[in-house]
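What follows is a set of notes on a single structure, which appears directly below.
The values are calculated or read from the model by the stated rules, or taken from the named source; none is laboratory data. Everything numeric here is computed off the predicted structure, so don't read it as measured data. Backbone-built Cβ (ideal geometry, glycine too); neighbour counts: all protein chains shown.
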């Protein structure tokens, strides 16, 4: 273990994380830290990005060391990990469709006084649609609910999985703006396929390939290295648009 | 006309029993994905313990206070039995469907054997206030009063469950858990604690159903729970897994279909019609009449 692999007191510190789905090992000794701002978790499809987030939460079988602000959380069940201060926005939103928008937020609130002001400031539409069943919302509105469920709590870190997936460009901008506001107060580990969004938001990147960390470092340096981007993220699978 | 009224009210009374058995079963499967074949045992044990307590009062066993006490004992014993089953056995078997089926079927068989061992295999006459065995004239039909009590109990339970699910945070957790329980845990909620509570609630409703089944049939036998369980499963599938409203509508529909077909066609045709209705629902709307398509997560 070199100096870079020693646990530090970052918001999130991951050391030698292995994870399995069924009997198949997906992650192999994944090690990285998440500090202030946004750390983007990148990689081709199927390399283990979503599994990394789910392993951090204990939603899949895993072993290794995970520290949240210095405290071990890898031996805790999912609900206890979240209560320690981990906000999670899953891939495909996973809002509760039969519950109203307000009920989705009420369920997510971990304190008697959740930060609804910030949420309504970022997504005013949610206030207007409070009594609407979340299942009847558009994809973009559902993404707002999914983000709002994480943002109403005071978290140590946010784990956000592909928040712009399948959204119209205008909504992507709105989501990116909300993430920028959120990142100013809470570190974010962000899985994101849209490199334009990564370029505008991310401070650091962790690139996964075949379930292993293939690259760690500043986002700006990585994105400037076209050869590394092509090699690690795939030629023709990304469209980098200038921000 | 009087025959139709009699069949209608009697059918509603039977539907009330189906609802009491099916609503807990539906919530248990909807939230926990546990096919609980021991649910009939909760019902039988609740009924017999209610009977035992009522009988112990001797000449007073037909009084109203003793009857109300038997309802409480039935519900409480169903709840306690369910709690033990969940905490000792089911909790270790989440995500292991085959083992769950084997264990719950085993509990069901063992419970029937236990009841036969203690109370014998013959049906026991259920003690109840004299008013219950009398009839009330409704539009010319002489309707046994016990039917009204069963219907009233089911309406009260439905209202309670509607309030619980619709107006409380706990109900919110159950409704969300039925949709996507791993996401509920990912919001920081200990969903396993809800599992135990729902199991206990289901057991209490089954135990209550056991006492009311004794009242409806005027007797209780070791097979009471299992015979109701078969129709409760059909009601759950038709109504939609995890839907209390679906269970209520399906319970009434199944019971009325059974009653009318048995009377106007031939005895036994009602059961056949119910199975046909189940087949139609499975072909046309496999998730049931009132359920959203359930995700397995």
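Tabulated data
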item: Answer from A:56, A:41 - the residue that is touching a strand residue (DSSP E or B) at 6+ places or on another chain (Cβ under 8 Å) and more than 14 Å from chain B (Cβ to nearest Cβ); result: A:41
item: Candidate set: region A:132-151, residues that are within 13 Å of chain B (Cβ to nearest Cβ) and over 17 Å from the mean Cα position of the chain (by Cα); chosen: the one surrounded by the most Cβ atoms within 10 Å (Cβ to Cβ); result: A:134
item: Number of the exception - residue A:154 against (1) buried (at least 17 other Cβ atoms within 10 Å of the Cβ); (2) within 13 Å of chain B (Cβ to nearest Cβ); (3) touching a residue at least 60 places away in the same chain (Cβ under 8 Å); (4) not in a helix (DSSP H, G or I); result: (1)
item: Residues that are touching a residue at least 60 places away in the same chain (Cβ under 8 Å) and in contact with a helix residue (DSSP H, G or I) (Cβ under 6 Å, 6 or more places away or on another chain), drawn from region A:45-67; result: A:57
item: Criterion (under 19 Å from residue A:10 (Cβ atoms) and buried (at least 24 other Cβ atoms within 10 Å of the Cβ)) met by exactly one of A:40, A:69; result: A:40
item: Within region A:74-89, tally of residues that are more than 7 Å from chain B (Cβ to nearest Cβ), surrounded by 19 or more Cβ atoms within 10 Å (Cβ to Cβ) and out of contact with any helix residue (DSSP H, G or I) (no Cβ under 6 Å at 6 or more places or on another chain); result: 2
item: Matching residues, region A:107-129, being loosely packed, with under 14 Cβ neighbours inside 10 Å, assigned to a loop (DSSP other than H, G, I, E, B) and either in contact with a strand residue (DSSP E or B) (Cβ under 8 Å, 6 or more places away or on another chain) or more than 14 Å from chain B (Cβ to nearest Cβ) (or both); result: A:113
item: Test: residue B:133 is out of contact with any helix residue (DSSP H, G or I) (no Cβ under 6 Å at 6 or more places or on another chain), within 22 Å of residue B:44 (Cα to Cα) and more than 14 Å from chain A (Cβ to nearest Cβ); result: yes
item: Residues located in region A:59-73, provided they are away from chain B (no Cβ under 14 Å) and within 24 Å of residue A:183 (Cβ to Cβ); result: A:66, A:67, A:69, A:70, A:71
item: Tally, over region A:93-106, of residues that are part of a helix (DSSP H, G or I) and within 10 Å of chain B (Cβ to nearest Cβ); result: 3
item: Any hit, region B:141-164, residues being in contact with a helix residue (DSSP H, G or I) (Cβ under 6 Å, 6 or more places away or on another chain) and within 14 Å of another protein chain (Cβ to nearest Cβ); result: no
item: Residue A:61 being surrounded by fewer than 16 Cβ atoms within 10 Å (Cβ to Cβ) and in contact with a strand residue (DSSP E or B) (Cβ under 9 Å, 6 or more places away or on another chain); result: yes
item: Unique residue being in contact with a strand residue (DSSP E or B) (Cβ under 7 Å, 6 or more places away or on another chain) and surrounded by fewer than 19 Cβ atoms within 10 Å (Cβ to Cβ) when the list is B:110, B:135; result: B:135
item: Contacts under 8 angstrom Cβ, first residue in region A:109-124 being free of Cβ contacts under 8 Å to residues at least 12 places away in the same chain, partner surrounded by fewer than 16 Cβ atoms within 10 Å (Cβ to Cβ), 6 or more apart; result: A:120/A:127
item: Criterion violated by residue B:197 - all others in (1) more than 14 Å from chain A (Cβ to nearest Cβ); (2) more than 13 Å from the chain's Cα centre (by Cα); (3) at pLDDT 95 or above satisfied; result: (3)
item: Segments classed as helices (runs of 4 or more DSSP H), wholly inside region B:89-194, with at least 3 members that are at pLDDT 95 or above and under 20 Å from residue B:70 (Cα atoms); result: B:97-119, B:145-167
item: When residues of region B:53-72 are limited to those that are free of Cβ contacts under 8 Å to residues at least 40 places away in the same chain and assigned to a helix (DSSP H, G or I), the one nearest to residue B:24 (Cα to Cα); result: B:72
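A quick yes/no check of all residues on (1) within 18 Å of the chain's Cα centre (by Cα); (2) within 14 Å of another protein chain (Cβ to nearest Cβ); (3) crowded, with 21+ Cβ neighbours inside 10 Å:
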| position | (1), (2), (3) |
| --- | --- |
| B:167 | no, yes, no |
| B:170 | no, yes, no |
| B:186 | no, yes, yes |
| B:201 | yes, no, yes |
| B:218 | yes, no, no |
| B:224 | yes, no, yes |
| B:236 | yes, no, yes |
